[in-house]
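Structure record follows, encoded as structure tokens.
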């Protein structure tokens, strides 16, 4: 998972570097572009949808790793509780890819030391670290996922949020990190 963590850090750095620029002018060259991804909420129009355009990144030195940074919106009528550990990135054939996800746009250090972890983290700690989210109807939250593709991966890739629905990710044209 070190490569996935490096890809997440790379994507976060790219997102931070692109913040506040407003359109690609002034200093750093053109801003990265992202393609719009569709969402497929659960039956009846409920579930999670992209809020704005998700940004997908691929680092040059990690060509099989991808990171998406986005905001998601609860398009349903009820509060959703989603555990990041239950989020799966799947290929078009439904195979789960090696991945990790979270509902945060920054890093937060856990309250417990490496050898002091309780069996189950308290709900407040899960919420604080972005490992769980209570997404109220109509509200938005930050989201990231990192995954690894192989030569057997069938595109398009999508994020399976369980009861929260499915989010389709942009195609293979990810922005390449420098």
Q.
Considering only the stretch 116-126, I want to know if a residue exists there that is outside any loop (DSSP other than H, G, I, E, B), without any contact (Cβ under 8 Å) to a residue 60 or more places away in the chain, over 13 Å from the mean Cα position of the chain (by Cα) and surrounded by 17 or more Cβ atoms within 10 Å (Cβ to Cβ).
A. yes
Q) Do we have residue 134 as touching a residue at least 12 places away in the same chain (Cβ under 8 Å), buried (at least 21 other Cβ atoms within 10 Å of the Cβ) and under 24 Å from residue 49 (Cβ atoms) here? A) no
Q. Hey, among 108, 31, which residue is part of a loop (DSSP other than H, G, I, E, B), at pLDDT 50 or above and more than 14 Å from the chain's Cα centre (by Cα)?
A. 108
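Residues 177, 145: which one is touching a strand residue (DSSP E or B) at 6+ places or on another chain (Cβ under 8 Å), surrounded by 13 or more Cβ atoms within 10 Å (Cβ to Cβ) and modelled with pLDDT under 85?
On the way: 145 fails: modelled with pLDDT under 85.
Of 177, 145, the one residue that is touching a strand residue (DSSP E or B) at 6+ places or on another chain (Cβ under 8 Å), surrounded by 13 or more Cβ atoms within 10 Å (Cβ to Cβ) and modelled with pLDDT under 85 is 177.
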Q | Tally, over the stretch 51-74, of residues that are touching a residue at least 60 places away in the same chain (Cβ under 8 Å) and assigned to a loop (DSSP other than H, G, I, E, B) | A | 4
(Q) Give me the residue from the stretch 76-95 that is touching a strand residue (DSSP E or B) at 6+ places or on another chain (Cβ under 8 Å) and free of Cβ contacts under 8 Å to residues at least 60 places away in the same chain and, out of that set, farthest from residue 148 (Cα to Cα). (A) 78
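Assess whether residue 101 counts as being in contact with a helix residue (DSSP H, G or I) (Cβ under 6 Å, 6 or more places away or on another chain), closer than 22 Å to residue 64 by Cα and either in contact (Cβ under 8 Å) with a residue 40 or more places away in the chain or not in a strand (DSSP E or B) (or both). Steps first, answer last, please.
Values: in contact with a helix residue (DSSP H, G or I) (Cβ under 6 Å, 6 or more places away or on another chain): yes; closer than 22 Å to residue 64 by Cα: yes; either in contact (Cβ under 8 Å) with a residue 40 or more places away in the chain or not in a strand (DSSP E or B) (or both): yes.
In short, yes.
Mind checking whether some residue in the stretch 148-170 is part of a loop (DSSP other than H, G, I, E, B), modelled with pLDDT under 85, within 14 Å of the chain's Cα centre (by Cα) and crowded, with 20+ Cβ neighbours inside 10 Å? It would help to see each step written out before you state the result.
Narrowing the stretch 148-170 to residues part of a loop (DSSP other than H, G, I, E, B): 149-157, 161, 165, 169-170.
Next cut, modelled with pLDDT under 85 only: 170.
Restricting the remaining residues to those that are within 14 Å of the chain's Cα centre (by Cα) gives 170.
In the following step, the residues that additionally are crowded, with 20+ Cβ neighbours inside 10 Å were identified as 170.
Yes; the residues of the stretch 148-170 include at least one that is part of a loop (DSSP other than H, G, I, E, B), modelled with pLDDT under 85, within 14 Å of the chain's Cα centre (by Cα) and crowded, with 20+ Cβ neighbours inside 10 Å.
Considering 72, 87, 149, 67, which residue is farther than 22 Å from residue 47 by Cβ and in contact with a helix residue (DSSP H, G or I) (Cβ under 9 Å, 6 or more places away or on another chain)?
Numbers: 72 fails: farther than 22 Å from residue 47 by Cβ; 87 fails: farther than 22 Å from residue 47 by Cβ; 149 fails: in contact with a helix residue (DSSP H, G or I) (Cβ under 9 Å, 6 or more places away or on another chain).
When all the criteria are applied, what remains is 67.
The values are calculated or read from the model by the stated rules, or taken from the named source; none is laboratory data. This structure is a prediction, so every number in the text was calculated from the model and none was measured. Heads up, the Cβs are rebuilt from the backbone with ideal geometry, glycines too, and the neighbour counts pull from every protein chain shown.
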